[in-house]
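Notes to accompany the following structure.
Each value in this text was obtained by applying a stated rule to the coordinates, not by laboratory testing. For clarity, every value in this text was computed on a predicted model and none was experimentally measured. Every residue, glycine as well, gets a Cβ built from its backbone with ideal geometry; the counts of neighbours run over all protein chains shown.
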2 protein chains.
Amino acid sequence: MRNKLKVLRAERDWTQADLAAALDVTRQTVNAIEKGKYDPSLPLAFKIGRLFEMPIEQIFFSGAEEA
Amino acid sequence: MRNKLKVLRAERDWTQADLAAALDVTRQTVNAIEKGKYDPSLPLAFKIGRLFEMPIEQIFFSGAEEA
DNA sequence: TTATGATGTAAAGCATACTTAACTTTATGT
DNA sequence: ACATAAAGTTAAGTATGCTTTACATCATAA
């Protein structure tokens with residue numbers, strides 16, 4: 001699953017640590033999600049959507065590869 | 001996290017087993033999610049959204065309780 | 001009553017999400 | 001060169017998502 005976190009962060013000039021704090025997760029978690037190491041849980045995805053004020057589908061997209 | 005799975009299923013007259021098959025998960029998984037025992041992973045939530053042709057936020061909603 | 005389909009539930013196991021702690025790399029500025 | 005901030009990465013541990021197997025409950029119907 002790909003995502004726009006890095007761009008959304010850049011638009012706001014936020015560090016990974018800033019975003020992590022806003023989401024109440026660790027910096028490592030933000031880094032891992034941003035780098036596609038794993039997908040966020042649904043609750044965390046909702047938090048992200050709320051924070052950036054956009055639908056989850058506009059932030060995360062399941063590339064053609066996945067089921 | 002609450003959800004409308006039971007209603008969406010009812011509207012289509014699908015059993016939990018039908019939905020499970022459509023999502024390629026087990027019947028127990030559908031039952032557990034439907035009963036709020038746990039939340040689906042983000043990829044599964046996407047599949048559900050695609051299947052019912054509606055945004056994830058229209059199927060799942062984080063009630064006031066959760067972070 | 002007996003059978004059948006749908007739903008509910010539980011235990012054990014594997015995979016994934018997330019944490020803490022620590023170290024490395026890259027870029028920027030002095 | 002040295003310091004610092006940001007990003008990248010790793011290991012070990014806990015929690016959650018999902019599977020398989022199995023059994024229990026409930027409604028409908030023959």
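Odds and ends about this structure:
- Summing charges over all other residues whose Cβ lies under 15 Å from the Cβ of A:ILE33, with Lys and Arg as +1 and Asp and Glu as -1, gives +4.
- Computed log₁₀ I(q)/I(0) - Debye formula, equal Cα scatterers, no solvent, chain B, q 0.12, 0.14, 0.21, 0.29 Å⁻¹: -0.26, -0.36, -0.84, -1.64
- Efficiency of FRET between A:THR26 and A:MET54 - r from beta-carbon atoms, R0 30 angstrom, step 0.05: 0.80
- Proxy reagent accessibility, fewest Cβ within 10 Å first, across B:LYS47, A:LYS6: A:LYS6, B:LYS47
- Measuring between their Cα centroids, region B:1-60 and region A:16-36 lie 28 Å from each other.
- In the protein assembly as shown, the inverse of the mean reciprocal separation of distinct Cα atoms equals 15.7 Å; this is its Kirkwood hydrodynamic radius.
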